[in-house]
Amino acid sequence: MATADGTWAYRNRFGDSFGRTYFRRFPPGITSSIGIGTYLGDPTDAVDDQYRAAIETALENGINHIDTAVNYRCQRSERVVGDVLQTTNVDRESIVVATKGGFLPFDGQRPDDPGTYMRKQFIEPGVVDPETLVRGSHSLDPTFIDTMVDQSLSNLRIETIDCYYLHNPETQLLNADHETVYDRLEAAFELLERRRAAGDIGVYGVATWQAFRVPDSHPQYLSLPAVIERAEAAAESVGVDDHGFKMIQLPFNVDMADAFTIKAQPTEKGPVSVLEYVHESDLSVVTSASIGQGDLAAALPPEVDAELSGDTVAQRAINFARSAPGVTCSLVGMASTDHVAENIAAGTFDPLGAAAFDTIFE
Ligand SMILES: NC(=O)c1ccc[n+]([C@@H]2O[C@H](COP(=O)([O-])OP(=O)(O)OC[C@H]3O[C@@H](n4cnc5c(N)ncnc54)[C@H](OP(=O)(O)O)[C@@H]3O)[C@@H](O)[C@H]2O)c1
């Protein structure tokens, strides 16, 4: 698993070749502030080969944070990460491996009849309680999450997942009320606390799309303080002093800056944005879709572009995401080794300071 010594040794290997705050604190050590994502791409051998080369290039050149999920590319993304972890010369203790569970995964390819596959694979064997299934594809049922943790450990061929996210938990709000979903989160957190105690997981969190960046009137809104309370309750039930809920993931880029602009997370002083909330807590934020799924590599709004550092548009887009207050790591999906080289070089430029970041929104 990633350790303080291993991740610091990784940072020391690169000396001062990166800009200010390229490496940032992340339990139990540090992480690069640019991470490699593995979501996009077809479930094919050709894309597997591309990702293998891209992940290896990333690890060798200053990215020690890999993000995947059991359902990405029909489990192929996790398996490819597992391949690289077996072959790379970079120490396992230097690498943060993050994955997610919540969506029922296909296995290698999309089946001809997904409904029958889901029923035979998950419902009939009792892995997923059909009561907890949303849109036939998402569940936080602890038995299912437990099975998915095992599946991810097996796909990744590692002993410990450094960061385990519940994947898009707000999906559950499509057919359950808020109290029921908070209860389901607490039950899943209890399971994750047990898996932490067993050494299978380092820290855990939630990877979201809507939940924390929408107004509280939105049907898929979640309150971060309420989620944290459920993690505290879960740790208490399991008999753990300090809960392991340390991470949230959310989309953040120039076009989707709601995590900074929408003030919907309650505090004693009134509602604040989720990034402001996190800034005052011990949570880490990881951003997804950091370059708008590729769109922002083509062009940024000129007034924003002018404030950012980087030789290319993609580098400046990445530097926007990792300049936001509270952000620990910005994920960029990269199957191309050329993109890896270009994107890592974004880290040789300094991010914006807090005041300069604020002026973009004035
Ligand atoms: N709810 C969730 O949990 C959630 C949702 C979305 C994403 N994520 C995570 O966040 C990661 C990042 O998000 P994302 O992959 O959706 O979107 P993204 O990182 O904003 O964009 C990825 C796309 O940009 C392209 N790209 C990368 N660098 C480029 C460059 N320098 N110039 C031009 N194009 C470039 C990639 O192409 P190539 O692949 O060809 O290099 C890929 O098509 C995901 O991979 C995933 O791990 C999580």
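Brief remarks on what is shown
- Residue pairs meeting the criteria (Cβ under 7 Å; at least 6 apart or on separate chains; first loosely packed, with under 15 Cβ neighbours inside 10 Å, in region 214-238; second among the hydrophobic types (A, V, I, L, M, F, W, C)): Pro215/Ile262; Pro215/Ala264; Asp216/Ala264; Pro219/Leu173
- Filtering region 285-319 to residues that are on the phi > 0 side of the Ramachandran plot and either crowded, with 23+ Cβ neighbours inside 10 Å or more than 8 Å from the ligand (Cβ to nearest atom) (or both) leaves Ala289, Gly310.
- Within the set Asp16, Asp42, Asp49, the sole residue that is charged (D, E, K, R) and either touching a Pro at 6+ places or on another chain (Cβ under 8 Å) or touching a residue at least 12 places away in the same chain (Cβ under 8 Å) (or both) turns out to be Asp42.
- Unmet criterion (only one of (1) in contact with a strand residue (DSSP E or B) (Cβ under 9 Å, 6 or more places away or on another chain); (2) more than 11 Å from the ligand (Cβ to nearest atom); (3) open to solvent by 30 Å² or more (accessible area, probe 1.4 Å)) for Ser281: (1)
- Hits in region 320-362 (condition: within 23 Å of Phe14 (Cβ to Cβ), open to solvent by 30 Å² or more (accessible area, probe 1.4 Å) and among the aromatic types (Phe, Trp, Tyr)): Phe349
- Close pairs from region 320-337: first near the ligand (Cβ under 8 Å from one of its atoms), partner among the β-branched types (Val, Ile, Thr) and open to solvent by 10 Å² or more (accessible area, probe 1.4 Å), Cβ under 9 Å, at least 6 apart: Val332/Ile291; Gly333/Ile291; Met334/Thr57; Ala335/Val47
- Qualifying residue in region 88-99 (condition: within 17 Å of the chain's Cα centre (by Cα), hydroxyl-bearing (Ser, Thr, Tyr) and at pLDDT 95 or above): yes
- Within region 332-362, the set of residues being among the charged types (D, E, K, R) and part of a helix (DSSP H, G or I) comprises Asp338, Glu342, Asp358.
The values are calculated or read from the model by the stated rules, or taken from the named source; none is laboratory data. Keep in mind it's a predicted model, so treat the numbers as computed, not measured. Methodologically, a virtual Cβ is constructed for each residue, glycine included, from the backbone with ideal geometry; neighbour enumeration extends over all protein chains shown. SASA here: full protein model, heavy atoms, side chains in, ligands and nucleic acids out. Shrake-Rupley method; radii C 1.70, N 1.55, O 1.52, S 1.80 Å.
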